[in-house]
């Protein structure tokens, strides 16, 4: 059987699906992925595939899950789970990539983020995230076929095609040999691949094989993205879905509702009982007489709403009609009584019990499904235990579903030569994180509350910063800032400082400009004062000169001595 698809590996290496056992063991490897075991019988030609019951049972389970999901109460609970796990807001991405802890350069991180966006575009995740997650949640598994251009594999994945899980099956082929020393059969080789059949799988004389073909299509594991719910029936090696626990409660609830409806239809109306006196008539004549009385008094006219006509249905007897009983001579004679209808028809405790049992099976808090419970938009520091369990359940679902992104992103990066498979397994996969969007209000309320607590702790730690704690430690462990956020905030602070400095310089120049008229006025005042002082001094000097002149003119002139 030829391998369809592609494998990741260099030249001279074995196909990735052929993995030699690292250590000899007497136990077959188990990955909890529901793969069916295939054994190569030594000394025989061909391959014996033991899929007895597994493939057909899984197909029946998936069909049953889908049928169960159509029931209204179950569908409401499923929608609650999917809406909580996938929050689609207009101004927020459904899922984001967090590479803060990945030991790679910023350039490589940028490339990885671009390829992740490309994966989301191939899945059309922004538009179909809810449908994809619901399909995974209901079926308990999801398969995608990764298509690429064989002539140009470096272009990466070109298309992702969904595969019905009822038509594909993962197979694990193992080889074993007998140890020469102990005589124990040891598993030495493991080969994983997928088998696809267009018509699904069925039993054939105790063996399981694809319909209408001897072997089906054998597909390399790197060509298929396969993620399960993580729930395994270890007795039958079958992957179970999260709806497996809800099948029985759903059937019980359906039967209880149907029986309640039948009881109400049969016992709710009041009926009349006619005791007809038939005297001493023989049985056959008494019966005929009773029928004549029935036909004489019974009139059943039916209105046909589709045609607007009246129809006479006298010859049809229904459970809603009256009772006619013969009575022999010597009794009380003809009598008409009334049978009361059923009582306590408004009691639906059994229905509520089965609904609660269904919601508990799906891990959905009953308070979310009961109408009339208002939302609390205030500050609330306490949550119920059921809400806490539900939040953890949603977190596990998201983490398991994120394996779809892991496999697709790894394939994309390896095909484009950005990283090697070893780099992904050792450095990237353990550190990569996927951040899903949450409900807008509750996310904001939680973020505000966390920020308030961090600021309070930061205020208390302020005297110890630089003594026992560094600023970087406080920013990462108290404020929970990532490396990118730290760089971004530092650049914003530096830019704001430059703006503030330029603003301060401008304010200084403005203040100086405002002060210039005041200084000029002061100079003018001083000049005026000096002029006034000079004028006053000049007037004083002139007055003194006039006074001196007047004094000089008032004194007699001195005689000059005569010359002898």
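A compact table of results
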item: Qualifying residue in region 141-156 (condition: under 24 Å from residue 438 (Cα atoms) and at pLDDT 90 or above); result: yes
item: Answer from 478, 474 - the residue that is outside the structural domain of residue 91 (by TED's automatic domain parsing), modelled with pLDDT of 85 or more, under 30 Å from residue 387 (Cβ atoms) and in contact with a strand residue (DSSP E or B) (Cβ under 9 Å, 6 or more places away or on another chain); result: 478
item: Lone qualifier among 263, 226, 275 - being touching a helix residue (DSSP H, G or I) at 6+ places or on another chain (Cβ under 9 Å) and in contact (Cβ under 8 Å) with a residue 24 or more places away in the chain; result: 226
item: Wholly within region 366-418, helices (runs of 4 or more DSSP H) carrying at least 2 residues that are under 22 Å from residue 162 (Cβ atoms), under 16 Å from the mean Cα position of the chain (by Cα) and at pLDDT 90 or above; result: 385-401, 403-415
item: Residue that is modelled with the highest pLDDT [pool: residues in region 436-471 that are assigned to a loop (DSSP other than H, G, I, E, B) and surrounded by 13 or more Cβ atoms within 10 Å (Cβ to Cβ)]; result: 437
item: Test: residue 229 is modelled with pLDDT under 80 and either buried (at least 20 other Cβ atoms within 10 Å of the Cβ) or assigned by TED's automatic domain parsing to the domain that holds residue 145 (or both); result: no
item: Index of the failed condition, residue 104 passing every other in (1) closer than 21 Å to residue 137 by Cα; (2) modelled with pLDDT of 70 or more; (3) part of a loop (DSSP other than H, G, I, E, B); result: (1)
item: Residue within region 202-213 that is more than 15 Å from residue 59 (Cβ to Cβ), in a strand (DSSP E or B) and modelled with pLDDT of 80 or more present; result: no
item: Test result for residue 133, buried (at least 20 other Cβ atoms within 10 Å of the Cβ), over 29 Å from residue 247 (Cβ atoms) and assigned by TED's automatic domain parsing to the domain that holds residue 227; result: no
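The values are calculated or read from the model by the stated rules, or taken from the named source; none is laboratory data. All values reported here derive from a predicted model rather than from experimental measurement. Glycine also receives a Cβ, built like all others from the backbone with ideal geometry; neighbour counts cover every protein chain displayed.
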